[in-house]
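A short worksheet on the structure shown next.
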Amino acid sequence: MTRYLISFPSGAMDHIPAEELPAVGDAAHAVVQEAMDAGVLVFGGGLAENVDPVMVAGDGTITTGTYPQTRELDGGFTVLDTPTREAAVEWAAKIAAACRCPQEVREFGPDSAVGN
């Protein structure tokens, strides 16, 4: 099996009226439960947008921010372990329908330590 990152930036949900957000949350939780029941969910959640990222150097030096060339990373994400890319795309479609916004799918590289 291969692990996939399925994600969207927080701004992708800006078109959803506030009164509809509880229904979106319920739909998203239902897809997460379905993924758990199917045994493909590794983990997921949303990044805290009110907490600044920090860079930690090898010597322990900490600076606020990210790599200069890194685009902003925020919003929600899910990591799934699926048998095929097609299966990951099918899950991304379910998440997109629940969250009412497109999802980006990226494949993690192989890692023998986790069996892929």
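Just so you know, all these numbers are worked out from the coordinates, no wet-lab data involved. Keep in mind it's a predicted model, so treat the numbers as computed, not measured. Cβ atoms come from the backbone with ideal geometry, glycine included; neighbour counts cover every protein chain shown.
Given springs between every Cα pair under 10 Å in a Gaussian network model of the chain, which of VAL40, VAL24, VAL56 has the largest fluctuation?
VAL56
Which ³J(HN,Hα) values in Hz, rounded to whole numbers, follow from the phi angles of the range 4-17 under the Karplus curve 6.51 cos²θ - 1.76 cosθ + 1.60, where θ = phi - 60° and Gly and Pro get x?
Along the range 4-17, the couplings run 10, 9, 10, 8, 8, x, 4, x, 5, 9, 4, 7, 8, x Hz.
Using a 10 Å cut-off around each Cβ, can you sort ILE95, ILE62 from fewest to most neighbouring Cβ atoms?
ILE62, ILE95
To the nearest Å, what is the center-to-center distance of the range 1-42 and the range 67-116, using C-alpha atoms only?
Centre-to-centre distance over Cα atoms comes out at 11 Å.
Between HIS29 and ARG100, what FRET efficiency comes out of the Förster formula 1/(1 + (r/R0)^6) with R0 = 22 Å and r the beta carbon distance, rounded to 0.05?
Numbers: r = 14 Å, r/R0 = 0.65.
FRET efficiency, ARG100 to HIS29: 0.95.
In the neighborhood of VAL31, defined by Cβ-to-Cβ distances under 15 Å, what is the net charge if each Lys or Arg adds +1 and each Asp or Glu adds -1?
My count for the surroundings of VAL31 gives -2.
Given H placed on each backbone N at 1.01 Å, which residues far from VAL42 in sequence or on other chains put an amide H within less than 5 Å of it?
So VAL42 has HN proximity to VAL79, LEU80, ASP81.
From the phi angles alone, apply the Karplus equation (6.51, -1.76, 1.60; θ = phi - 60°) to the range 20-31 and give each ³J(HN,Hα) in whole Hz, x where the residue is Gly or Pro.
Values, residue by residue: 8, 4, x, 5, 5, x, 4, 5, 5, 5, 5, 5 Hz.
So, in nm, how far is label MET55 from label LEU73 when the simple model puts each one 7 Å beyond its Cα toward the Cβ?
1.4
Of the listed values (1) 8.9; (2) 9.7; (3) 7.7, grab the one calculated as mean projected area of the Cα convex hull in nm² from the structure here.
(1)
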